[in-house]
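Enquirer: This is the structure I want to talk about, given as structure tokens.
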Amino acid sequence: MRETKSDGDLLRAIAADGDRRAFEELYRRYAPWLLARLRGRCADAALVDDVVQETFLAVWRGTARYREEVDVAGWLWRIGSRRLIDALRGDGARGRLRQALSRLRHRDEASAEERVLAGVEHGDLAGALVRLSPELRAVLQATVIDGLTTREAAVLLGIPPGTVKTRAMRARKQLREALT
């Protein structure tokens, strides 16, 4: 009978001596779940596959640090979702988007999407977001950008669900005041 190791045991074995079997077991447990979650955020299957691979490479190489008190699924989700956001913001994704948009239209004026994105990146919203405290920004990123539920965000951030709700409400109020 084969012993089933906990997620923490697997991660310790990977970190301590690069245990390949432990890594393969962790990958089998979480890669399909992470792949499904990220595909819900991005329609580019090849990009999502790359992000999942990069996420697990970060675990293997030890560049992603795991804290014992954090849920492994939430930890992997945080790594994967941030890598997906980085990939979508990167020149590769931006270049693919520009190519797709240029095939759809043949004029040089900025599309509505480009104008909205420029406003978000360089407009009042960006400034208002920067002025939020790091705690409020973290809750907004987890619940709005990453699309996590209150409970998932609480696990990810290591705070109670009620605190997530309170911080989200405060962040929305401060953004409303800054933008009106």
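Enquirer: Given R₀ = 41 Å, FRET efficiency for residue 17-residue 172 by Cβ-Cβ distance, to 0.05?
Expert: 0.30
Enquirer: Starting at the first residue of segment 3-11, write each ³J(HN,Hα) from the Karplus equation 6.51 cos²θ - 1.76 cosθ + 1.60 with θ = phi - 60°, in whole Hz, x for Gly and Pro.
Expert: So the J values, rounded to whole Hz, are 6, 8, 8, 6, 4, x, 4, 4, 5.
Enquirer: I've got another one for you. Kindly report the accessible area of segment 2-53 per residue (heavy atoms of protein chains, probe 1.4 Å, no ligands, DNA or RNA), in Å².
Expert: For segment 2-53, the per-residue accessible area is 61 Å².
Enquirer: Another question about this same structure. Could you sort 28, 83, 131, 39 by their accessible area in this structure, using a 1.4 Å probe and putting the largest first?
Expert: These residues rank, largest area first, as 131, 28, 39, 83.
Enquirer: If you don't mind, there's one more thing I want to ask. Mind grabbing the accessible area of residue 50 for me, 1.4 Å probe, Å², rounded to tens?
Expert: Rounded to the nearest 10, the figure is 80 Å².
Enquirer: Determine how many Å³ per residue the convex hull of the Cα atoms of segment 1-89 encloses.
Expert: 96
Enquirer: Something else about it: Roughly speaking, what is the stretch gain from residue 36 to residue 53, that is 0.36 nm per residue apart minus the C-alpha to C-alpha distance, in nm to one decimal?
Expert: 4.8 nm
Enquirer: Full extension from residue 131 to residue 43: what is 0.36 nm times the residue separation minus their Cα-Cα distance, to one decimal in nm?
Expert: Roughly 28.5 nm would be gained on extension.
Enquirer: Okay, moving on. How do 5, 165 rank by accessible surface area computed with a 1.4 Å probe, from largest to smallest?
Expert: 165, 5
The values are calculated or read from the model by the stated rules, or taken from the named source; none is laboratory data. Note that the structure is a prediction, hence the values are computed from the model and not measured. Neighbour counts run over all protein chains shown; Cβ positions are idealised from the backbone, glycine included. Please note that ligands, DNA and RNA were not included when accessible areas were found on the heavy atoms of the full protein model with its side chains. Shrake-Rupley method; radii C 1.70, N 1.55, O 1.52, S 1.80 Å.
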